[in-house]
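Before any comments, here is the structure.
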Amino acid sequence: MSALTPLREIPDKNIFRAGDVFVLFGELFGRGYVNGLLDEARKAGMTILGVTVGRRDENHKLRPLTDAELKEAEANLGGRIVNVPLMAGFDLDAPEGTPNPTDLLAGLKLNNWQEARLDWAQIERCREVGVARFKSSTAQAMAELDKLIPDGANLFFAHTMAGGIPKTKVFLAIANRIYKGRGERFMPSRALLDSDLGKMILMNFDEVTANTFQYLIEASSGIRERLARNGGETRYTAYGYHGTEILIGGEYQWQTYTNYTQGYAKMRLEDHAEAAWGQGIKATVFNCPEIRTNSSDIFVGVELSLFPLLEALMKEGDGGWAYEQWKQCESLLNDGVSLRDILDQIADYNANSTIASFRNYAAWPMDNTAELAEVMVGTSEEITGLHKDRKALITDYLSALVLESTGPLIFREASAPHGPVLWLNHDVVAKQLIGMH
Ligand SMILES: NC(=O)c1ccc[n+]([C@@H]2O[C@H](COP(=O)([O-])OP(=O)(O)OC[C@H]3O[C@@H](n4cnc5c(N)ncnc54)[C@H](O)[C@@H]3O)[C@@H](O)[C@H]2O)c1
């Protein structure tokens, strides 16, 4: 277990300027975290480059983007994209003529998946094929990038990759029970972790969420060393998650979403940053607050920790701008429902003994329980129901604020990073927002 190492002060150094290069290692999705960093890179006048995860054809074969897809993705990014498919993980990889992990999982049904055993020798062969494919594509992408990054430039690699859920019908049903279910429909996360299906998914998470960071750092060593010869600096950042300190009972306290099944992979991601740091490479994992994005929407209740940000905004500023945010948020609620009511409900939620028992950093990532799901999913559903429009939630509004703040925090901290793993908690997020507005 790593020590909790929060970033407490707003960083103010910036080594990046026009002519320097920002590379997005992952693909840009609408509401994703990396939008905040991209805004900063654009403001600094950096050249923006990106990669793609590629697309799958009707036979699940990975392919580059078509011309039309590439044009759209480049317009969206505001920069050139190296068109080598960088889908990570091995769920659809296998030695020629043998079944891939998704094929192996195809026979699983809701009534047999817990007992089903996988052929681990075959899974291992598939993993080797997937890793070799990703490493070779990354090498190819780096060779392309090498030509686009001039001597004398500083270079910023932003890693966003996270995922690895295989496309099997049965997992969707299981995930709905683990992350959204309560009462009769609840299923404990431990059931998944104890199954072969769960073990295979954790291996794939490791590949996508964690090891891609290591492969990136290794594959870009040539570019890094070339730039260094002319004094050019290279930085690597990745988005982690390992709980967040939020205001509970007037104090910043660490809490987490449970069960965060990707937690093991996120700790491995931290290990990769620490190993690189040990070799003198400036690689930092920024453990970020819970926000609502395409990737986190499945976790019902993950958004509950966002509400106390409103209180952090009051605490860290003089109240003026924070008050406007309160009013904006209140306007999203049904007539007759006050924001104070919601914040009181969140305070009760955090004081609840079941919820409090999960604030255990040393035991992270803990398994979920039926009692937890009852309170967490229940509170989430109740609060969502108090909004005028389920598609315009207070937590959407607050997610955008958090995202906006992490851009400058990560961008500037990366200029002179304090360490390989840093937490961006609600205190520094609130201070950054107040400073910006
Ligand atoms: N949303 C949150 O609450 C939260 C909190 C802390 C950290 N993060 C982290 O922030 C990062 C960005 O996530 P986000 O929530 O902004 O969502 P997002 O959906 O915008 O980003 C997910 C990224 O993962 C990439 N990806 C997914 N599957 C992949 C695969 N098989 N191979 C390669 N790349 C793949 C996508 O291209 C995309 O860039 C992730 O590392 C995520 O874990 C998110």
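The values are calculated or read from the model by the stated rules, or taken from the named source; none is laboratory data. Owing to the predicted nature of the structure, the values given are computational and were not obtained by experimental measurement. Quick reminder, even Gly has a Cβ in these numbers, built from the backbone with ideal geometry, and neighbours come from all protein chains shown.
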For residue 320, which of the numbered conditions (1) within 16 Å of the ligand (Cβ to nearest atom); (2) surrounded by fewer than 20 Cβ atoms within 10 Å (Cβ to Cβ); (3) without any contact (Cβ under 8 Å) to a residue 60 or more places away in the chain fails to hold?
(1)
For residue 49, state whether it is touching a residue at least 40 places away in the same chain (Cβ under 8 Å), more than 19 Å from the chain's Cα centre (by Cα) and not in a loop (DSSP other than H, G, I, E, B).
yes
Residue among 284, 212, 258, 237 that alone is among the β-branched types (Val, Ile, Thr) and part of a helix (DSSP H, G or I):
212
Which residue pairs have Cβ atoms closer than 8 Å, lie 6 or more positions apart in sequence or on different chains, and pair a first residue in the range 1-15 that is within 9 Å of residue 412 (Cβ to Cβ) with a second residue that is charged (D, E, K, R)?
10/412; 10/431; 11/412; 11/413; 12/412; 13/412; 14/412
Which numbered condition in (1) within 16 Å of the ligand (Cβ to nearest atom); (2) buried (at least 17 other Cβ atoms within 10 Å of the Cβ); (3) under 27 Å from residue 158 (Cα atoms); (4) in contact (Cβ under 8 Å) with a residue 12 or more places away in the chain is the only one that residue 298 fails?
(2)
Among the candidates 218, 270, residue that is among the charged types (D, E, K, R) and touching a Ser or Thr at 6+ places or on another chain (Cβ under 8 Å)
270
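Residues are listed down the side, and each one gets a yes or a no for (1) small (Gly, Ala, Ser); (2) modelled with pLDDT under 95; (3) more than 13 Å from the ligand (Cβ to nearest atom):
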site: 191; (1), (2), (3): yes, no, yes
site: 194; (1), (2), (3): no, no, yes
site: 198; (1), (2), (3): yes, no, yes
site: 220; (1), (2), (3): yes, no, yes
site: 223; (1), (2), (3): no, no, yes
site: 233; (1), (2), (3): no, no, yes
site: 239; (1), (2), (3): no, no, no
Residue count, the range 215-225 (criterion: part of a helix (DSSP H, G or I) and crowded, with 18+ Cβ neighbours inside 10 Å)
6
